[in-house]
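Peer 1: My questions will all concern the structure given below.
The values are calculated or read from the model by the stated rules, or taken from the named source; none is laboratory data. Note that the coordinates shown come from a computational prediction; the quantities given were computed from them, not determined experimentally. Please note: Cβ atoms are built from the backbone with ideal geometry, for glycine as well, and neighbour counts cover all protein chains shown.
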Amino acid sequence: MHNSISQTAAKDLDLSGCGIALAELKSTSNARSLGNCNQGAIAPNPQGTSVVFSKIFQVASDFCPGTGSSQTSNPNCPSNIPVDAAQVMVTYYTAFLIPIPGLLPGQLKITRTALMQVNPSADF
């Protein structure tokens, strides 16, 4: 929701969306030691920003132009969305578990994606 206030915020150049997600994961055992988003591997692109803490936490924030937009489409976004939107994808890798063959792997990967319309009246 935070990244949907404008097109600029959707790109998460100040890493505030990453910081919100990281604050939520601080209670997990293997993310407790992570500092802040500036300490991850930051990969900016023209339509978004990704922050990666290897094999623990990844967050990607993207601006997704709508179908009527004159801006080029973003390959990280779903196709045919009617309006400009902000997409944030968070991936978390659990601490290592005791594997049970055929039932439980040694580590779980959990990914969640949120897509929300960008406020059309603001761009700051």
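Peer 1: Can you name every residue in region 33-57 that is modelled with pLDDT under 85, under 18 Å from LYS109 (Cα atoms) and out of contact with any Leu (no Cβ under 7 Å at 6 or more places or on another chain)?
Peer 2: SER54, LYS55 - these are the residues of region 33-57 that are modelled with pLDDT under 85, under 18 Å from LYS109 (Cα atoms) and out of contact with any Leu (no Cβ under 7 Å at 6 or more places or on another chain).
Peer 1: Quick check on this structure: which one of ASP62, ASP14 is at pLDDT below 85 and among the acidic types (Asp, Glu)?
Peer 2: ASP14
Peer 1: Could I ask something else about it? Scan region 1-51 for residues that are over 19 Å from CYS64 (Cβ atoms), in contact with a Cys (Cβ under 8 Å, 6 or more places away or on another chain) and among the acidic types (Asp, Glu) and jot them down.
Peer 2: none
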